[in-house]
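To start, the structure itself, in structure tokens.
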Amino acid sequence: MNRLFKILYSPKYISEPFNQDVEMQTRRERITELLESTAFPMTAEEICERLDIKSRSIVYEDIDHVSKSVKRREKELLIRPASCGKCQFAFKPRKTSKAPSKCPKCRSQWILAPAFLIRQRK
Ligand SMILES: [Zn+2]
């Protein structure tokens, strides 16, 4: 590898958007690996802690992508839906993986977050 090439492609010179893309890609791969190997469904909060991700909203967004990408590998994202901590109302699986903020039945805001797992499709 010649010198100029090395300089141009050193991390310092790689533009921001490219870096962010790579970072996002590896983060989603790590989430996928974690959810494939975990024995119990994991909430976004647990995923944040384990993988040192700053916010749950990042995880929810990633999970929406992960759920599509694992389908191509004969796997599926299984979701334990969110439920109300007060009246146990179980939320239906939603279009997005994000946790709802309020119970439609008793209006409580004590919501047990949804949890996720990836398994081989049967
Ligand atoms: Zn409720």
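Coordinate-derived values only; no laboratory data. Keep in mind that what you see is a predicted model, and the values were worked out from it rather than measured. Heads up, the Cβs are rebuilt from the backbone with ideal geometry, glycines too, and the neighbour counts pull from every protein chain shown.
Taking (1) touching a residue at least 12 places away in the same chain (Cβ under 8 Å); (2) within 14 Å of the chain's Cα centre (by Cα); (3) farther than 12 Å from Ala113 by Cα in turn, Cys48 satisfies each apart from (1). Among residues of segment 69-96 that are closer than 9 Å to Pro114 by Cβ, those with a beta-carbon under 9 Å from a residue that is hydroxyl-bearing (Ser, Thr, Tyr) and within 16 Å of the ligand (Cβ to nearest atom) at least six positions away or on a different chain give the pairs Phe91/Ser83. When the test is whether a residue is part of a helix (DSSP H, G or I) and more than 22 Å from Ile111 (Cβ to Cβ), Val59 does not pass it. Counting residues in segment 44-57 that are under 19 Å from Asp21 (Cα atoms) and among the aliphatic types (A, V, I, L, M) gives one or more. Hey, could you check segment 102-116 for residues that are small (Gly, Ala, Ser) and either away from the ligand (no atom under 12 Å from the Cβ) or crowded, with 18+ Cβ neighbours inside 10 Å (or both) and say which is farthest from Ile47 (Cα to Cα)? It comes out as Ala113.
Could you please let me know if Cys48 is within 16 Å of the ligand (Cβ to nearest atom) and either touching a Lys or Arg at 6+ places or on another chain (Cβ under 9 Å) or not in a loop (DSSP other than H, G, I, E, B) (or both)? Taking the combined requirement at face value, the residue does not satisfy it.
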